[in-house]
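Written below as structure tokens is the structure these notes are about.
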Amino acid sequence: MNTSPQLVQRTQVPAGPSLLGQGDVLARLRDHERGPIHIIDPFKVPQAEAVEKAKLLDTLGYPAVILASTDYESFEARMEPYVAAIKEATSLPVLLHFPPRKGLGFPLARGADAVLLPALLGSRDDYYVWKSYLETLVNLPGRVDREDWPELLLAAALTFGEDHKTGDLLGTVPVATVGTEQMDRYIAVTRSFGFHMVYLYSRYTQVPVEVVRHFRRRLDPDQIVFVSGNVRRREHVTAYLEAGADYVGFAGALEHADWRTTLTEISADRP
């Protein structure tokens, strides 16, 4: 795993004018039909394949495409042409979701419409709870031209089930699901600070359906409930939507040769 920040390489990629203004991505997510949303790992999936997937997502009426990875290096050199290729081929907003690195904050790529800034409320390291936000804002003017700033989407992020990889990297501690006391504390913080969304994630298992239901009942109506982790079939999506999730993210389900069939099945009978 690369552990040293490498966010300084730049590539000259022609970028057309964005069709979205500040606030448009959040409004789109709030107003769009609830359903699945695909997450592509650009450090695993070849650019040409990502473009083909994004084209089909656009045809199927998805709200956006998310580019995300836990590990990354030479970020701008990889990401700026990757983002540009997807935006040239589709009308979908491109959202970035990557962990921050100390000294730089969250990584950014010119051309992206929005970036998810997760506050890892369950982290033992306050950098990943809130300091990474401030570091990103301080460094943003020198990294991206003002007219190219992405929309910043604030997410309260929580992990469920044992996850040593995320724990070692970001200091996260899985949320207790026996009783609701800890979840209720996180819900209170999410509401008090006005986060745009809550991001519920499980790397090796799945976020319990009753957890999603609990968050949806107690959050404000305009706060988005996003859940992901080991979503591979339509019934997984349906169960989360019925529990109140707004979006159900899936990634590894399409990392195989017959991904078109799987995508069609996951997208079928969207509510």
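What follows is calculated from the coordinates using simple rules that are stated; it is not laboratory data. These numbers come from a predicted model, not from an experiment. Every residue, glycine among them, receives a Cβ derived from its backbone with ideal geometry; neighbour counts consider all protein chains shown.
Screening the candidates GLY142, GLY167 for the property of being among the small types (Gly, Ala, Ser), assigned to a helix (DSSP H, G or I) and surrounded by 14 or more Cβ atoms within 10 Å (Cβ to Cβ) yields one hit, GLY167.
Checking each residue in region 50-71 for being closer than 19 Å to LEU153 by Cβ and not hydrophobic (A, V, I, L, M, F, W, C) picks out TYR62, PRO63, SER69, THR70.
Looking for something within 29 Å of ASP24 (Cβ to Cβ) and surrounded by fewer than 21 Cβ atoms within 10 Å (Cβ to Cβ) - is there at least one such residue anywhere in region 226-237? Looking through region 226-237, none of the residues is within 29 Å of ASP24 (Cβ to Cβ) and surrounded by fewer than 21 Cβ atoms within 10 Å (Cβ to Cβ). The one condition from (1) closer than 20 Å to VAL227 by Cα; (2) surrounded by fewer than 19 Cβ atoms within 10 Å (Cβ to Cβ); (3) without any contact (Cβ under 8 Å) to a residue 40 or more places away in the chain that GLU135 does not meet is (1). Can you find a residue in region 137-152 that is of a type in the set (S, T, N, Q) and under 18 Å from the mean Cα position of the chain (by Cα)? Within region 137-152 (the criterion being of a type in the set (S, T, N, Q) and under 18 Å from the mean Cα position of the chain (by Cα)), the answer is no, since none of the residues qualifies.
The condition (being out of contact with any strand residue (DSSP E or B) (no Cβ under 8 Å at 6 or more places or on another chain) and within 21 Å of GLU33 (Cα to Cα)) is satisfied by just one residue among SER69, SER91, SER74: SER91.
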